[in-house]
1. Suppose every K and R has +1 on its Cβ and every D and E has -1 on its Cβ; what is the size of the dipole of the chain about the Cα centre, in Debye to the nearest 20?
2. With θ taken as phi - 60° and the coefficients 6.51, -1.76 and 1.60, list the Karplus ³J(HN,Hα) couplings across the range 448-460 in order, rounded to whole Hz; mark glycine and proline as x.
3. In the chain, if the dipole is taken from +1 on Lys/Arg beta carbons and -1 on Asp/Glu beta carbons about the Cα centre, which of 400, 249, 85 is farthest to the positive end?
4. Please give the charge dipole size of the range 356-475, origin at the Cα centre, charges +1 on K and R Cβ atoms and -1 on D and E Cβ atoms. Round to the nearest 20 debye.
5. At 222 nm, what helix-only mean residue ellipticity would the chain give, in deg cm²/dmol to the nearest 500, using -39500 (n - 2.57) for each DSSP H run of four or more?
6. On the accessible surface of the chain, probed at 1.4 Å, how many percent belong to carbon and sulfur atoms?
7. Could you rank the peptides 203-210, 65-72 by their average count of other C-beta atoms within 10 Å per residue, with the highest value first?
8. Rank these by accessible area, largest first, 1.4 Å probe: 442, 322.
Amino acid sequence: WGCPWRPPALILPPDAEKSPGYWNKGARRRLELALALQPAAQRAKNIILFMGDGMGLSTMSAARIYKGQLAGGSGEESVLAMETFPHMALAKVSGAVLGGTFLLPLLETPLHPSCFQTYTIDRQVPDSAGTGTAYLCGVKANAKTLGLSGAAVYGKCRTTFGNEVDSVLHRARLAGKSVGIVTTTRVQHASPGAAYAHSASRGWYADANMPKEALRDGCKDIAYQLVHNTDINVILGGGRMYMTPKRTPDPEYPEDPDQNGTRIDGRDLIAEWLSAKQGARYVWDKKGLDAVEDDAVSHLMGLFEPKDMRYELNRNTSTDPSIVEMTEKAIRILRRNPSGFFLFVEDDHVPHAGGRIDHGHHSGRAKQALMEAVMLDRAVARAGELTSPADTLTVVTADHSHVFTFGGSTPRGNSIFGLAPKKAKDKRAYTSILYGNGPGYSIRDGARPAASLPAAEDKDYRQQAAVPLETETHSGEDVVVLAQGPMAHLFHGVQEQHYIAHAMAYAACLEPYATEPGCRAARRASQGTQCSPQPLLTLLALCVAALIVRG
């Protein structure tokens, strides 16, 4: 428990599962692990928050099967790396808000699975901006607003001032930790934007995207705030066009005017960022990222596409880094800080406005979404290899879910993208995966077209949807939170989504919990190079003495 363990592909003897002993032995092993599980009550030096944008429980389950099938198995018995984490909670996306102070009483409650609800103040089913403000800043807010309390009104610039709320990332930087953002979307997107921006609209990527009234009233675009609000050590993702003046050719697509810079204020924010940071480096392709020496930079910005990065299944592996590669580079740079680090990693599973998981679902392309979920899990596994659960709290969750499901009484080992074994009432085949709404709705000659193979296995195949919409929508059910490391046991029960930020802040002794018991000792421990070596020498002497006594 709590180890970065990745289970091997299971190769079972024929008929092994038919024996009761097989299941009894496995259950006993899990029971022994559960009985041995103890809370890690020390404070966290490092925090990594993995956010699968749109990665609801049905997406996780389907991604687990897909992962196993990619490895050559039937899929159902596969285990995601994130699923090996010992502590679990659910975050509510709809429901009632807990009042008053809610963290400290929960520290004394029995441990049990927890759930987190993801609704916003004004919506039953949320968007990525309102949820980002909740799990990063610790307060529920209105949909489409970033880093602002519920007193701010969407699209109204003047309601920004005085309603700003700071993220855990910002508080970690103020506490002396290094901080970073990794995303497969534009770095100005709603989810990463909640880590550093205060904006009455999630769509104010650059000043060109803002109404004149907002500019006159003094509001700043999200790209500007990325460079000027918080001293972020590592920034990796897409979003080049929002950083440079209008008509500036893109370095990767210089002949395509649609990829040019968009800023109307004439500012080159990349150049401003580089000039303000000693030891800073900017790269725009995988070759540049690979050339960065981990111990030679204090700050790294990598913007690999004009807007969002490409889906993993469409990625040019020679020019664009994967989420796994970006996560590894970020950790190697951030972990050099003896005071620790905070890293936010997002993969959006849908193609139109968020991480690529979110984007894949919005477009009704399940294979794109599930591959992104598998890649996020690989990033979780790699992070576990580069850090230790002894000092690193790792949290994996989603901001919301989607109207995505799979079923149809499919047999064991059926391709997750395959057909149900029986035809529907209209005597036409259908895929196991379906959407409640979205662009997959289709009527031809007065009837639903029959699904068929191999078309349904294609990466760009759109699974059928029940209701016609231009883009598929989010869903409102609770999302899972998985955790390992120091204070991971705080993630339990059915919780409001904003509790995530408070549990992380408490675990790492960040505001408003910086003066809680144990934090002073934790700060001394994180500055180990300044501590006396005497305790370690004493322990070593005792160990040597014990070995001598034993002969």
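The values are calculated or read from the model by the stated rules, or taken from the named source; none is laboratory data. Remember, predicted model here, so these are calculated numbers, not experimental data. Note that we place each Cβ from the backbone using ideal geometry, even for glycine, and neighbour counts take in every protein chain shown. To get the accessible areas, we keep the full protein, side chains included, count just its heavy atoms, and leave off ligands, DNA and RNA. Shrake-Rupley method; radii C 1.70, N 1.55, O 1.52, S 1.80 Å.
1. Here the chain has a charge dipole of around 820 debye.
2. With the stated coefficients, the range 448-460 comes to 6, x, 6, 6, 8, 9, x, 4, 5, 8, 5, 5, 9 Hz.
3. Of the listed residues, the answer is 85.
4. Numbers: 15 positive and 13 negative charges, 153 e Å.
With Lys and Arg at +1 and Asp and Glu at -1, about 740 debye.
5. Values: 16 runs with 155 residues, N = 551.
Dividing the helical sum by the residues of the chain leaves -8000 deg cm²/dmol.
6. Numbers: 13040 of 23640 Å².
In the chain, the share of accessible area belonging to carbon and sulfur is 55 percent.
7. Details: 203-210: 21.4, 65-72: 17.9.
Per-residue mean Cβ counts within 10 Å order the peptides as 203-210, 65-72.
8. Details: 442 35, 322 5 Å².
Ranked from most to least accessible, the order is 442, 322.
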